[in-house]
Amino acid sequence: MAIGDCTRLVEKVVARIRGWGARKLSYTGRLVLVQSVLSQLHVYWSRIFVIPATVIDRITTICRNFLWSASISMANSPYHGSLFVFAKKHGGLGVVNSRKWNLAMIGKYTWWLACKSDHLWIKWVNHIYMKGVDWKHYEPSQNTSWTWRMICKVKNIRKFGYVHNNWATANGVYTINAGYQWLQGSMAKVEWYPLVWNRFNLPKHSFIVRLCARQRLLTKDKAWAFGVVNDGICEICKLEDETHMHLFYQCPFSVSSWQLLKDGFMFLFLGRISFLVYSVEVQIFIKKTHCVCCSACCFLLYMAVRELVSS
Ligand SMILES: [Zn+2]
């Protein structure tokens, strides 16, 4: 499959995105739609073909621009955020890395080469191409098909993984998810994961709090650096520049908001009673409620400041 063969695939993605009322959707709504487009790509096309990296990058750029600016521009603008193609617990948006997922999908064929000699397709491949050569050392000639050469390329990338993870042994079982996780590599869990992706949170709160945790919100000091506003002074206290640290931790308004939240929480759940007197289930509930309240407070603080700036 060449790049030209995938034009129809890119057109389908663009047509699908164009059909959505993007301007009326929140970031969270757009993220759900991006995941649905990419998941269709993963579930169907990646399973069958080695999709050229250029095509995957083009689709990823379209989805990224749609997420951050509600446009379908193919320009690789530096002002747009990334799609953060890794798991939520690792700080991402839960969007799958399409290139690696495609490799993991095609890895299934190469695993068959290593372990499934009785498979009809493997028998055919052995008869036509490999002719008894060991799968680890086989190299395709240039006059074989592009798809076969790509499968062999994936084999060369992954053969260490098959051995390292015991997938190529008699009892080894390769799964696409395991192959994908291996390609992603080990990543540390971010400490703010329970706060941001608590399932009790409203999705729009999670999205804004995640940007806050990564210091990616558009605060006034950044807008000033871009030349969008005349100064970076905090609109609430007019004392210091509006940075993440100031807006959420140092501004007198946010300090009093956090104090009010803390007082209310103590009054409702704790008071003079020790946290430990509650059952484990109630303790978990209290912790999750605390996360929900903190996320909502963070979201409302940010929205209040943005309203002040825009008014
Ligand atoms: Zn302030």
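Summary of values
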| quantity | calculated |
| --- | --- |
| Segment 26-31 - phi-based ³J(HN,Hα) in whole Hz, Karplus 6.51/-1.76/1.60, Gly and Pro as x | 7, 4, 5, x, 5, 5 |
| Extension gain (nm, one decimal) between residue 99 and residue 160, 0.36 nm per residue minus Cα-Cα | 20.1 nm |
| Added length on full extension, which subtracts the Cα-Cα distance from 0.36 nm per residue, residue 48 to residue 239 | 62.8 nm |
| Residue of 30, 47, 214 that the Gaussian network model of the chain assigns the largest fluctuation, springs spanning Cα pairs under 10 Å | 214 |
| Least to most buried among 13, 173, 163 (fewest other Cβ within 10 Å first) | 173, 163, 13 |
| Cα principal axis extents for the chain, largest first, Å | 76, 52, 30 |
| Kirkwood hydrodynamic radius (C-alpha pairs) into Stokes-Einstein, segment 193-310, 25 °C and 0.890 mPa s, D in µm²/s | 158 µm²/s |
| Exposure proxy ranking, count of Cβ atoms within 10 Å, fewest first, for 207, 200 | 200, 207 |
| Rounded to the nearest 20 debye, dipole of segment 101-184 from Cβ charges on Lys, Arg, Asp, Glu | 100 debye |
| 3J(HN,Hα) from dihedral phi, segment 291-307, Karplus parametrisation 6.51/-1.76/1.60, rounded to Hz, x for glycine, proline | 4, 4, 5, 5, 5, 5, 5, 4, 4, 5, 4, 5, 5, 5, 5, 5, 5 |
| About the Cα centre, charge dipole magnitude for the chain (Lys/Arg +1, Asp/Glu -1 at Cβ), debye | 1000 debye |
| Spacing of the two label points (7 Å from each Cα toward its C-beta) at residue 229 and residue 296, in nm | 2.7 nm |
| Ranked list, fewest to most other Cβ atoms within 10 Å of each Cβ, for 71, 141, 26 | 141, 26, 71 |
| Phi to ³J(HN,Hα) by Karplus 6.51 cos²θ - 1.76 cosθ + 1.60 over segment 7-15, Hz, x for Gly, Pro | 4, 4, 5, 5, 4, 5, 5, 4, 4 |
| Viscosity 1.306 mPa s, temperature 10 °C, Stokes-Einstein D of segment 101-184 from Kirkwood C-alpha radius, µm²/s | 123 µm²/s |
| Under 17 Å from the residue 215 label point (7 Å along Cα→beta-carbon), backbone N, segment 247-264 | 247-251 |
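Any read-out appearing in this document is the output of simple, stated calculations on the displayed coordinates, not a laboratory observation. Because the structure is predicted, anything quoted here is derived from the model rather than measured. So basically every Cβ, Gly included, is an ideal-geometry build from the backbone, and we count neighbours across all protein chains shown.
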